[in-house]
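The values are calculated or read from the model by the stated rules, or taken from the named source; none is laboratory data. This is a predicted model, so every value here is computed, not measured. Here the Cβ positions follow ideal geometry from the backbone for every residue, glycine too, while neighbour counts run over all protein chains shown. Ligands, DNA and RNA are stripped out before the accessible areas are found, and what is left, the full protein with its side chains, is counted by its heavy atoms. Shrake-Rupley method; radii C 1.70, N 1.55, O 1.52, S 1.80 Å.
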Amino acid sequence: MDPIYNPQAIEPKWQKRWADLKLFETEADPARKKYYVLEMLPYPSGDIHMGHVRNYSIGDALARYMWMKGFNILHPIGWDAFGLPAENAAIKSQRHPSEFTFSYIDRMRAQLQRLGVSYDWRREIASCVPEYYRWNQWFFLKMYERGLAYRKKSRVNWCPKCETVLANEQVVNGCCWRHEDTPVVERDLEQWFLRITAYANQLLDDMKEMVRWPERVVTMQQNWIGRSQGAFVDFTVADLWKPLRIFTTRIDTIYGCTAVFLAPDHPLVDDLLANSKEPTRLRDEIERIKASSVRARVDVNLAKVGANTGFMARNPFNGEQVPIWLANFVLMEYGTGAVMAVPAHDNRDFEFCTEYHLPIKNVIVPVGTPPDQEASETLHATEEYGRLVASGPYTGLKSEEAIARMTRDAETRGFGKGTIQFRIKDWGISRQRYWGTPIPMIYCDTDGIVPVPESDLPVLLPPNVKLTGTGHSPLADVPEFVTTKCPKCGKPARRETDTMDTFVDSSWYFYRYTDPKISTAPINKDVVKYWFPVDQYIGGIEHAILHLIYMRFFTKFMRDIGLVDFSEPVARLFTQGMVIKDGAKMSKSKGNVVDPTKMFDKYGADTTRLYVLFAAPPEKDLDWNDAGVEGASRFLGRVYRLVAKHAENLKGVKAEALAQGGGNSLTPEERRLLRKAHQTLRHITEDMEERWHFNTDISNAMELVNELTELDAAVEAGKIRPAAHKTALEFLVITLSLFAPHVADELWEALGHSQPLLKVSWPAFDAELAAEDEIEYPVQINGKLRARIQVPAGAGEEEIRTRAQAEEKVIQHLNGLQVKKIIVVPGKLVSIVAK
């Protein structure tokens, strides 16, 4: 073999070999255990970036390990190919979005193939082709049949830069999720919605199945869905004698209500304005609060802003009149758009009422509070349950009992009832852009809104469209698309011209991989039954309340129409950290982007993969360091030279005889080498099963290389027999194949093997041989490291203390001091406290 490591020759060789062998191709096989590894599909933006490299290297390491463990692996890839970037690029250059999209797909596919990821490319999908998006339309029609897709005029989030609608989940800190510096505004538009709220309870309750999802993601979804058990209570607007229904989760605090807060777009506001003694002032205040509420609905940290309407509302529990205020943080979409202000027992209300000098009444005290302290001054809100005071007939009750009784009394007396409310709102999917799935609906003057018949799907995007980026859909300017006939009466009609949110495309794509060519249905139920659930899904946490909720919603709907027989699509989720450089997220505007292709050209794909897995634990952010890449390259070169030096002599050697330690016939040098080899194998095996600390896995492989290097003279002297030497080298190559697969297969072949490593069974480590004969203990005196001692592995704490005190350096540092305590942390350290 070539004595010099040359990734530019090795990597294309093995990529071709793998392709020729169809190594990564797989089919459903009920006789075999399956494992479905999935990384979130990329948007074809032109080039892969280091975030892609990291994501796909993580998934590929797992896929290769599970292949070698004997599983039947599904590891597919595709393209989330509709979207605004291609359309915006087309507007600038006056070219069709498909030109950009498919050229970008070609470029990124070549880059991923060069990276050497073990994808079954036969299963590749692109969401922008009619064979795929016709099924988006089919799902929409099925939801429409069941009342889960509907159209209404609604106030929507509008990105001025995208020139389209955003779902609530796509607004981040008041700005567009794509354009972090572009504030979102509101518009009233006729929109299509998917009734995700019909599954709100299931989305929460089924989280019990998500035991292998990150707790942070589960919490984010729980908070976003936001189930609140509470009560409606009807106040009465004085002078107008109109009811004003509020929603509260803490009816036990209602005697502490000192105001009612309204959303600025509450229907009652028009009546208040019409009857106001100061209509000009109130109109100005309404517009001011409306403008502020656009930001407040998505930015919880925005300053609380309000205005007194001049009207009062009567509390039905105690008859008190309290002022009605407008407040920017009250949302019409949540509850009833009206809430009672209880500043003594709600932090947000306390902040607002303190700012506007509204009264604060304490009506809950901790259980056990003496009577003379019940009326103490309220310096801050106390939100905890307790005992009611100053609450009429409910005084003395504990909060839990009071909530039940007061809710029951409100129902009995006819001014309220118990209810459950959700924070999550229905998913607005209408987008006023071209490059997306056409919504398959028709508008007829005779029959109203009519669905496109399934037999007429797909509704195709017209190729001859003029893209301007203006606020209405470009499809509206294509007469041959808009003009059609009503499927019911045959009269002239017009098509819907909005397209679907591209998150629809990614809500079910992972099912399509199992049979991407099927033309009679969106999925093949039989193969889905074999491959699902997805055993491991890998992607960014930024999708926690977007894609990862939508995909769960789609699965539950698919279950309800008989496509699948389960409720959750993903057994285990892993969210990897970002790749940053110079302390900031990589971006072209910051000038800190590292081009993977340049890394491949200079160092090779294996070095790039090894570095992104070694530089940080996969769940943490990785701060790119060029020197670290150099180090990874040097390491692979060192491994290559180590094997190349001995490969010719070891080709015909059988390593199996010593693979499990070879009993007691080992020389001391062989035992030392094989111990390190089995320890490395043990660490990586255990890690791949659960923890995924790839950085320490690679570090262990580096330690094995160090051991092999130090013992090279023993090999030359015959103190380590060829079988033992080959065993250690093979363990090294096998474990490295997860992280640097091209060079690993090259070295495996050099050691005399004809099959690629993916066809090799993952070896079992010998636990007895991997055990240390001795353990090194650092010895601290008063917190400072003073010595290191070697102790037999089975030694008890008393023997460890004795050996520590007998160590010469310890004796020197204890001179003149009296030992007060000796603490032994088994397997870790000895700490001596002395004065």
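Figures for the structure shown
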{"read-out": "Test: residue in the range 403-423 that is free of Cβ contacts under 8 Å to residues at least 24 places away in the same chain, touching a strand residue (DSSP E or B) at 6+ places or on another chain (Cβ under 7 Å) and open to solvent by less than 20 Å² (accessible area, probe 1.4 Å)", "value": "no"}
{"read-out": "Inter-residue pairs, beta-carbon under 9 Å, first at positive phi and surrounded by fewer than 20 Cβ atoms within 10 Å (Cβ to Cβ) and in the range 66-94, second among the hydrophobic types (A, V, I, L, M, F, W, C) and in a loop (DSSP other than H, G, I, E, B), 6+ apart", "value": "70/762; 94/467"}
{"read-out": "Filter result for residue 528 (open to solvent by less than 20 Å² (accessible area, probe 1.4 Å), without any contact (Cβ under 8 Å) to a residue 40 or more places away in the chain and either on the phi < 0 side of the Ramachandran plot or of a type in the set (Asp, Glu) (or both))", "value": "yes"}
{"read-out": "Filter result (over 23 Å from residue 775 (Cβ atoms) and surrounded by fewer than 11 Cβ atoms within 10 Å (Cβ to Cβ)) within the range 815-835", "value": "815, 816, 818, 820, 835"}
{"read-out": "The range 463-488 residues that are polar (S, T, N, Q), paired with ones that are in a loop (DSSP other than H, G, I, E, B) (beta carbon under 6 Å, 6 or more apart)", "value": "473/432; 473/497; 473/498"}
{"read-out": "Breaking point among (1) at pLDDT below 95; (2) buried (at least 18 other Cβ atoms within 10 Å of the Cβ), for residue 563", "value": "(1)"}
{"read-out": "Matching residues in the range 701-748 - criterion: being part of a loop (DSSP other than H, G, I, E, B) and without any contact (Cβ under 8 Å) to a residue 40 or more places away in the chain", "value": "717, 718"}
{"read-out": "Residue match in the range 340-359 (condition: open to solvent by less than 30 Å² (accessible area, probe 1.4 Å), closer than 15 Å to residue 230 by Cβ and in a loop (DSSP other than H, G, I, E, B))", "value": "yes"}
{"read-out": "Qualifying residues in the range 444-468 (those that are assigned to a strand (DSSP E or B) and closer than 14 Å to residue 144 by Cβ) - the one farthest from the chain's Cα centre (by Cα)", "value": "448"}
{"read-out": "Residue match in the range 45-63 (condition: farther than 22 Å from residue 579 by Cα, open to solvent by 10 Å² or more (accessible area, probe 1.4 Å), touching a residue at least 60 places away in the same chain (Cβ under 8 Å) and of a type outside the set (A, V, I, L, M))", "value": "no"}
{"read-out": "Condition check for residue 612: touching a residue at least 24 places away in the same chain (Cβ under 8 Å) and in contact with a strand residue (DSSP E or B) (Cβ under 9 Å, 6 or more places away or on another chain)", "value": "yes"}
{"read-out": "Residue selected from the range 187-220 under the condition assigned to a strand (DSSP E or B) and either surrounded by fewer than 16 Cβ atoms within 10 Å (Cβ to Cβ) or of a type in the set (Gly, Ala, Ser) (or both), by the criterion modelled with the highest pLDDT", "value": "212"}
{"read-out": "Check on residue 494, at pLDDT 95 or above, assigned to a strand (DSSP E or B) and either among the polar types (S, T, N, Q) or open to solvent by 10 Å² or more (accessible area, probe 1.4 Å) (or both)", "value": "yes"}
{"read-out": "Only one of 43, 35, 56, 65 that is at pLDDT below 95 and aromatic (Phe, Trp, Tyr)", "value": "43"}
